[in-house]
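Here is the structure we will look at.
No lab work stands behind these numbers, since they all come straight from the coordinates. This one's a predicted model, so the numbers in the text were calculated from it and none came from an experiment. Methodologically, a virtual Cβ is constructed for each residue, glycine included, from the backbone with ideal geometry; neighbour enumeration extends over all protein chains shown.
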Amino acid sequence: MKYDFTAIERKWQNIWDENKCFSALNDSNKTKYYALIEFPYPSGEGLHVGHPRPYTAMDIIARKRRMQGYNVLFPIGFDAFGLPTENYAIKNHIHPKIVTKQNIKRFTEQLKMLGFSFDWSRTVDTTDPDYYKWTQWIFLKLFKNGLAYKSKIPVNWCTSCKCVLANEEVVGGVCERCGAQVIRREKSQWMLRITDYAQRLIDDLEGLDYVERIKIQQKNWIGRSEGAEVNFATTAGDIIKVFTTRPDTLFGATYMVMSPEHKLVEKWMPLYKNQDKIILYKEDASKKSDFERTELVKEKTGVCLEGVMAVNPVTGGQIPIYISDYVLASYGTGCIMAVPGHDERDWEFARAFNLPILEVVSGGNVNEAAYTDCDTGTMVNSGFLDGLSVDQAKLKIVEWLKARGLGDPKVNFKLRDWVFSRQRYWGEPIPLVFCEKCGWVPIPEEQLPVLLPDVESYETTEDGESPLSLITDWVSAVCPNCGGAAKRETDTMPQWAGSSWYFLRYMDPDNTKAPVSREAADYWGMVDWYNGGMEHTTLHLLYSRFWHKFLYDIGVVPFPEPYAKRTSHGMILGNTGEKMSKSRGNVVNPNDVVNEYGADTLRLYIMFIGDFEKAAPWSDTAVKGCKRFLDKVWNLCEAPSHGKSYSAEHDPIMNRTIKKVGDDIENIKFNTAIAAMMTLVNELSETGANKAEVKTLLTILSPFAPHICEELWEMNSFQGLCCQADWPSYDEKRMHEMEKQIAVQVNGKLRTTVTVPSDADDDTMLDATLRDDKIRKVLESFNLIKTISVKGRLVNLIVKPK
RNA sequence: GCGGAUAUGGCGAAAUUGGUAUACGCGCUGGUCUUAGGAGCCAGUGGAUUAUCCAUGUGGGUUCGAGUCCCGCUAUCCGCACCA
């Protein structure tokens, strides 16, 4: 018979579906296992060949867990709010709802075609009012707990489109759509106080099984640093607060730098002798993003605030104040004390502006470069700190400042609060109204969801407000508090909102009383294994951990962290190693691969392509190798000889392969698991396999290539379905061959190999080595000084000439 | 700039974690079968001046032994808060 993958794949997908093979049960006496992928954004382009990489990986885990006897939850859904759909709607005048529906339909077909063992009965869609009702509910809880607030913050503003732009829509300082100048403009936005959770978000990483680099990136993103807040008096009368991690260098502070947006810079405007220059500089800075400001190793720019001086609190000396764009308003207090002797950026700035550079920590040469070492230097030129180490000086100076009310120890985080509002249509409406009398008032929970109303046009208004603001009927509301006239909030939520809690909804997708019932949350507990892209490490992962901790605090969920284990996959690149993108025209559509080779081949290849954690370029020709492998499997397993156990000849490799494949799956080394199965099939093909061998092969291969295994399983009349078989066990004692080839080195260089029994001890190995002709020849002219033996590996002879 | 990573044949990669570098696959070469081959099967395949020597981006170091550990370079990729 021929391997007709098209017919086979459709056949088994239907059978699995009819038998509800992959439905997770909420009442089961089996141990639960929750495997999670990042749900896709249903884009108009459809699935591309990068999607199946993480999905296949977690499908392999889910299928293996079922075979190991777990009650597995492996769900799927759609993160469907967002910019691309909205932009498509604007361009083509189609309701995003319709576009989303079409895209989800297409994605569903494509995902089903690949044979993933998702529980389709629990599918969620973030744009479904039954879902976003609970997203709004969570927002209201945050609001009521003081974690949502309004604040003026700078946004990207397109001067021509008159709308707020996402950073991604700003390319090289101009608007991606129209090419007009983009400036930074202040706008009042809803913010979430994620910074209140900063410390817990760091601390609780401790007990989690995340890949180490993910933990490191999260910690660095949150960016905790210890230091002090120091008050500097000014000749204008105001106090400037600065945050510094190096209070020990306070004697070396020879000037100050404020961000151009600092409130005091504006307040002091009448005092300046060089107003024009300052206004010009502020304007220039507003055209640059934070990224551009700190990006280049460029000449430092800035302007002195002539007319105002600051006072160094320890020396009492007056020092000048500058504004410069290398100081960001969003970090610390938006103002720094500059210590050019011991900070690189300050040093460069001081050089550019001819400012004095003072040495206050000895050990370097501050005329050559900033000396930033904290471990070895001693304090100098620092009055009462002289002679102390940096660490001692830090403690003493903070104590000194505190006693005089001039400063305090302070922990600072790089993490900023989460900008939560968007002036966009395609997002969850923020369920608040503004009442002149009562302020911001939440919509009563029983009135949720606040439905997204239909609009004529999806573009933002002239002054950058959400299109919802144009629907006057909808905007005008009654204040739930006082019954007076009120106005609805017209901003919507960012796409991150829906994806911050979706994994909870899968546990209990049809609940109309709560986002998730306590019973379901108790049973399913933490997500056991969450795999996703490295690009989500800082934002999505952090946002969802934050929301989850909040839900834990208010008693919705019984555990403080959402994900027990987190791994990440690398990207699939185009043929030439570049990112796959529509504009490059190198996107590979999985449908084409499935039509030509079948879903099993695609799944196998995408897992074989390379290290799962690293990026890998797609190759059209290399796919064939996996198809050839499946052809070989088909030929081997079609008609095996009878045999209830492995043949003596194949016993070691059978046991070894079971162990290797099982271990490799757990360690996300799918590529070497497949290589091991290829080696096995090559060996079995030489002599033919028996029924027992075929059964094991099909079982361990089935998580990777489930359809062909299921068909061959049936052809061999094995019991039940392959996907419901037990994961095979192996015998450690039966994994090894009787004999082993070991390396023989002379002075560390390989000279020959000898064959010894696998369990040979040092003496036996040495004996065999010394009996070797080549080695005997060597020893005729050299004296043996020392031997090093490594069991089962090598013998190294250290020799000297006679 | 800040943060995270990577570098091994013509290509994707592997290496029991300090012990025979290049497993597995692609490609290529030769053979075979065939009316035909862009199918299948068999053999070969790191390089060279081949009894040996040289090879894991690059320069040092530690070690009996280094792709793996340490120090210094170089190059590349990802993220940077309103893309998802």
In sequence order, calculated HN-Hα J values of segment A:612-626 (Karplus, 6.51, -1.76, 1.60; Hz; x Gly/Pro): 4, 7, 10, 5, 9, x, 6, 9, 5, 6, 5, 4, 4, x, 6
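What dipole magnitude, in Debye to the nearest 20, does segment A:20-132 give about its Cα centre under +1 on Lys/Arg Cβ and -1 on Asp/Glu Cβ?
On the way: 15 positive and 11 negative charges, 99 e Å.
With only Lys, Arg, Asp and Glu charged at Cβ, the dipole is about 480 debye.
For chain A, how big is Rg over Rh, using alpha carbon atoms and the Kirkwood form of Rh? Kindly include the intermediate steps, with their values, before the conclusion.
Working: Rg = 33.2 Å, Rh = 31.5 Å.
Over the Cα atoms of chain A, Rg/Rh equals 1.05.
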Among A:Thr108, A:Ala24, A:Pro75, pick out the residue whose Cα is farthest towards the positive end of the charge dipole of segment A:1-139, where Lys and Arg carry +1 and Asp and Glu carry -1 on C-beta, about the Cα centre. A:Ala24
Cα centroid distance between segment A:37-71 and segment A:524-556, in Å? 18 Å
Counting alpha carbon pairs within less than 8 Å and at least 6 residues apart, what relative contact order, in whole percent, applies to chain A? 13 percent
In chain A the DSSP beta bridges are antiparallel at a rate, in percent to nearest 5, of 75 percent
Hey, what's the Kirkwood Rh for segment A:435-541 if you take every pair of different alpha carbons, in angstrom? 17.3 Å
What whole number of Å gives the distance from the Cα centroid of segment A:437-456 to the Cα centroid of segment A:699-723? 53 Å
Between A:Leu271, A:Gln218, A:Phe251, whose Cα lies farthest towards the positive end of the dipole of segment A:194-286 when Lys and Arg beta carbons carry +1 and Asp and Glu beta carbons carry -1, centred on the Cα centre? A:Leu271
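Would you compute, from DSSP H runs of 4+ residues alone, the mean residue ellipticity of chain A at 222 nm, taking -39500 (n - 2.57) per run and dividing by the full residue count, rounded to the nearest 500? Write out the running numbers ahead of the final one.
On the way: 26 runs with 278 residues, N = 802.
It lands at -10500 deg cm²/dmol.
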So if I take the centroid of the Cα atoms in segment A:323-390 and the same for segment A:224-271, what is the distance between those two points in Å? 14 Å
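Could you sort A:742-753, A:252-263 so that the peptide with the highest average Cβ count within 10 Å comes first and the rest follow in order?
Values: A:742-753: 14.9, A:252-263: 22.8.
Packing order, densest peptide first, comes out as A:252-263, A:742-753.
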Classify segment A:133-221 as rounded, prolate or oblate, taking a ≥ b ≥ c as the square roots of the eigenvalues of its Cα gyration tensor: rounded when a/c is under 1.5, otherwise prolate if a/b is larger than b/c and oblate if not. oblate
Dividing the alpha-carbon radius of gyration of segment A:218-276 by 2.2 N^0.38 Å, where N counts its residues, gives 1.42
Which value results when the Cα radius of gyration for segment A:381-469 is divided by 2.2 N^0.38 Å? 2.13
According to the square roots a ≥ b ≥ c of the eigenvalues of the Cα gyration tensor, what is the shape class of segment A:529-650, taking rounded for a/c under 1.5, prolate for a/b larger than b/c otherwise, and oblate for the remainder? oblate
In debye, nearest 20: dipole of chain A around its Cα centre with unit charges on the Cβ of K, R (+) and D, E (-)? 540 debye
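Count the lysine pairs in segment A:427-566 whose Cα atoms sit under 30 Å apart, keeping only pairs 8 or more residues apart in sequence or on different chains. Let's see the in-between values first.
Numbers: A:Lys437/A:Lys487; A:Lys487/A:Lys513; A:Lys513/A:Lys549; A:Lys513/A:Lys565; A:Lys549/A:Lys565.
Taking the Cα cut-off of 30 Å, the pair count is 5.
Please give the net charge around A:Asp773, taking every other residue with its beta carbon less than 12 angstrom from that of A:Asp773, where Lys and Arg add +1 and Asp and Glu add -1.
Details: positive: A:Arg751, A:Arg771, A:Lys774, A:Arg776, A:Lys777; negative: A:Asp772, A:Glu780.
Result for the neighbourhood of A:Asp773: +3.
Provide the packing ranking of A:217-226, A:235-244, i.e. peptides ordered by the mean count of other C-beta atoms within 10 Å per residue, highest first. Don't skip to the end; give the middle numbers.
On the way: A:217-226: 15.1, A:235-244: 17.4.
Result, highest mean first: A:235-244, A:217-226.
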Which one, A:Trp547, A:Pro515, A:Gly532, is farthest towards the positive end of the dipole of segment A:489-588 when Lys and Arg carry +1 and Asp and Glu -1 on their Cβ? A:Gly532
A:Ala622-A:Asp196 pseudo-label distance in nm [points 7 Å out on the Cα-to-Cβ vector]: 4.9 nm
Residues of segment A:35-60 with the amide nitrogen closer than 12 Å to a label point 7 Å from the Cα of A:Gln102, along Cα-to-Cβ, please. A:44-46
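If packing is taken as the mean number of other Cβ atoms within 10 Å per residue, what is the order of A:151-163, A:773-785, highest first?
Working: A:151-163: 16.8, A:773-785: 12.5.
By packing density, highest mean first, the sequence is A:151-163, A:773-785.
Pick out, in residue order, every one of the trypsin sites (Lys or Arg not before Pro) in segment A:539-635 that is DSSP loop and has at most 15 other C-beta atoms within 10 Å; say none if there are none. Walk me through the intermediate numbers first.
Details: sites: A:Arg545, A:Lys549, A:Lys565, A:Arg566, A:Lys579, A:Lys582, A:Arg584, A:Arg603, A:Lys614, A:Lys624, A:Lys627, A:Arg628, A:Lys632; in loops: A:Lys582, A:Arg584, A:Lys614.
Sparse-neighbourhood loop trypsin sites (Lys or Arg not before Pro): A:Lys582, A:Arg584, A:Lys614.
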I want the local charge near A:Val593. Using Cβ-Cβ distances under 12 Å, sum +1 for each Lys or Arg and -1 for each Asp or Glu among the other residues. -1
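In percent, how large is the relative contact order of segment A:698-802, given Cα pairs closer than 8 Å and 6 or more residues apart?
Details: 147 pairs, mean separation 22.9, N = 105.
This gives 22 percent for segment A:698-802.
Of A:Lys20/A:Lys219; A:Lys97/A:Lys150; A:Lys30/A:Lys660, which sit over 32 Å apart, Cα to Cα?
Numbers: A:Lys20/A:Lys219 42 Å; A:Lys97/A:Lys150 29 Å; A:Lys30/A:Lys660 26 Å.
In this structure, A:Lys20/A:Lys219 lie more than 32 Å apart at Cα.
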So, relative contact order of segment A:327-393 in percent, Cα under 8 Å, 6 or more apart, is 23 percent
Using each residue's phi in segment A:87-95, evaluate 6.51 cos²θ - 1.76 cosθ + 1.60 at θ = phi - 60° and report the 3J(HN,Hα) Karplus result to the nearest Hz, with x for Gly and Pro. 5, 4, 5, 4, 5, 10, 6, 10, 5
With +1 on each Lys and Arg Cβ and -1 on each Asp and Glu Cβ, how big is the dipole of segment A:711-769 about its Cα centre, in debye rounded to the nearest 20? 340 debye
Taking amide hydrogens as modeled 1.01 Å from N in the peptide plane, which residues meet the under 5 Å criterion relative to A:Tyr255, leaving out close sequence neighbours? A:Ala338
